[in-house]
Amino acid sequence: MQNPWLAASRQDAACKTRRALLTAIPVLATSPSAFTQVLDPGVNKNAVCIAPAKLGGGFDLTCRLAAKAIDGTRSGDAKTLIQYLPGGIGALAYDKAATQQLGDERTLIAFSSGSLLNIAQGRFGPHSIASVNWLGVLAADYGVVAVRADSPYRSLDDLLRAIRANPAAIPFGAGGTVGSQDWIKAARLVRAAGRDPREMRFVAFEGGGEALRALAGGHVVAFPGDAAEAQHAISAGERIRILAILASDRVPGKLAHIPTAMEQGVDVTWMTVRGLYMAAGTPPSAIRYWSDTLQKAMGLPGYMALLENFDLYPYSLVGRPLQEYLKQKIQEYREDAEKMGVRIWRNRP
């Protein structure tokens, strides 16, 4: 898999610190029903980004990135507020959006590669990829394998040797359940150690933020999550050590010193995309407005620097390229899940 950062030009625009970025965005704590009325998506009205998990995970980062990017393109006092709607790592939000119980012309919902994987497996109910309106991919993230800073496992090889000796002694903890993207990362690592994934212990959490807090607290041994989540936890003071990044090449920036799994002789990679969609029934005019807004935001001179501050990497898709990517990934993820022995539920067409 080619690292999209390597083909992108870096910008020199000055940005605030990561902590300032994460604290400057307003968060909304009202119920989803407050946004079900149909409204004009005009530039002078607040928007809402729904993070379908608990505070601190990848969906949260997606909404915070989207809020900063979108608000930089809009005039007046309009803001993009953030609302949390945990439930099945996105399943609840997707079902409500697909059945028009959630969302209006100014409600954006975060998704990731994990969302696409769940749709491919039929884990988001009977809804297919065509059940909602996809806006765009804003950035890329990469899988990581992390442990506590005081862990005896100093390298990926150390961890794999322990798994090879006794898989049940190394509980993994991450967002999602069996079949989720974090579960698949862990399963691939267990296979790389020469053991059957069915032998591993996997503790499911409602998002990466919750899983990282469990890792820091010593409740699990390894975290097969994403780089941005792990780096955010480290920046916040959590004593966590990243053993490997699941990219084909080393990434730049804060994690440039982290070796890839492939460098360490383990052929496991995983790129996570982070993007937004809107509910079924959203008027085409609103879809066009927000798609154009996202495209404009991602084209601004400071966007590359903004990605760096959120520990994310350039990868943008809108329009037809996005639709083609979604179809390709759904097929790829379904085939991958079948190879891993994960059950597939039938979706509607």
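The values are calculated or read from the model by the stated rules, or taken from the named source; none is laboratory data. In this text, all values refer to a predicted model and were calculated from it rather than measured experimentally. Here the Cβ is made from the backbone with ideal geometry for all residues, glycine too, and neighbour counts use every protein chain on show. These area figures cover heavy atoms from the full protein model, side chains too; ligands, DNA and RNA do not enter into them. Shrake-Rupley method; radii C 1.70, N 1.55, O 1.52, S 1.80 Å.
Provide a single number: the residues in the stretch 292-347 that are within 18 Å of the chain's Cα centre (by Cα) and part of a loop (DSSP other than H, G, I, E, B).
6
Conditions first: (1) surrounded by fewer than 22 Cβ atoms within 10 Å (Cβ to Cβ); (2) under 30 Å from S151 (Cα atoms). Y313 passes all but one, so which condition is the exception?
All conditions are met except number (1).
Restricting to the stretch 79-120, count the residues that are part of a strand (DSSP E or B), surrounded by fewer than 24 Cβ atoms within 10 Å (Cβ to Cβ) and within 15 Å of the chain's Cα centre (by Cα).
1
List every residue pair whose Cβ atoms sit under 8 Å apart, with the two residues 6 or more apart in sequence or on different chains, where the first one lies in the stretch 232-260 and is in a loop (DSSP other than H, G, I, E, B) and the second, anywhere, is crowded, with 20+ Cβ neighbours inside 10 Å and of a type in the set (F, W, Y).
L246/Y142; L246/W270; A247/Y142; V251/W5; V251/Y142; V251/Y313; P252/W5
When V38 is evaluated against the numbered criteria (1) modelled with pLDDT of 50 or more; (2) of a type in the set (A, V, I, L, M, F, W, C); (3) over 24 Å from A227 (Cβ atoms), which criterion, by number, is the only one it fails?
(1)
What number of residues within the stretch 318-335 are at negative phi and open to solvent by 30 Å² or more (accessible area, probe 1.4 Å)?
10
Can you tell me which of A168, A186, A91, A98 is in contact with a Lys or Arg (Cβ under 9 Å, 6 or more places away or on another chain), under 30 Å from L307 (Cα atoms) and in contact (Cβ under 8 Å) with a residue 12 or more places away in the chain? Explain how you work it out, then say what you get.
Values: A168 fails: under 30 Å from L307 (Cα atoms); A186 fails: in contact with a Lys or Arg (Cβ under 9 Å, 6 or more places away or on another chain); A98 fails: in contact with a Lys or Arg (Cβ under 9 Å, 6 or more places away or on another chain).
Among A168, A186, A91, A98, only A91 is in contact with a Lys or Arg (Cβ under 9 Å, 6 or more places away or on another chain), under 30 Å from L307 (Cα atoms) and in contact (Cβ under 8 Å) with a residue 12 or more places away in the chain.
Output the residue which, of all residues in the stretch 263-291 that are of a type outside the set (V, I, T), under 22 Å from the mean Cα position of the chain (by Cα) and farther than 25 Å from S235 by Cα, is most open to solvent (accessible area, probe 1.4 Å).
Only one residue tops the list, namely D267.
State which residue is surrounded by the most Cβ atoms within 10 Å (Cβ to Cβ) when the search covers only the stretch 51-78 and only residues that are part of a loop (DSSP other than H, G, I, E, B) and in contact with a Pro (Cβ under 6 Å, 6 or more places away or on another chain).
A53
Would you say S128 is closer than 22 Å to R320 by Cβ, under 18 Å from the mean Cα position of the chain (by Cα) and not hydrophobic (A, V, I, L, M, F, W, C)?
In short, no.
Out of the strands (runs of 3 or more DSSP E) lying entirely within the stretch 126-230, which hold 1 or more residues that are of a type outside the set (A, V, I, L, M) and open to solvent by less than 10 Å² (accessible area, probe 1.4 Å)?
Of the strands (runs of 3 or more DSSP E) lying wholly inside the stretch 126-230, those with at least 1 residues that are of a type outside the set (A, V, I, L, M) and open to solvent by less than 10 Å² (accessible area, probe 1.4 Å) span 133-142, 172-175.
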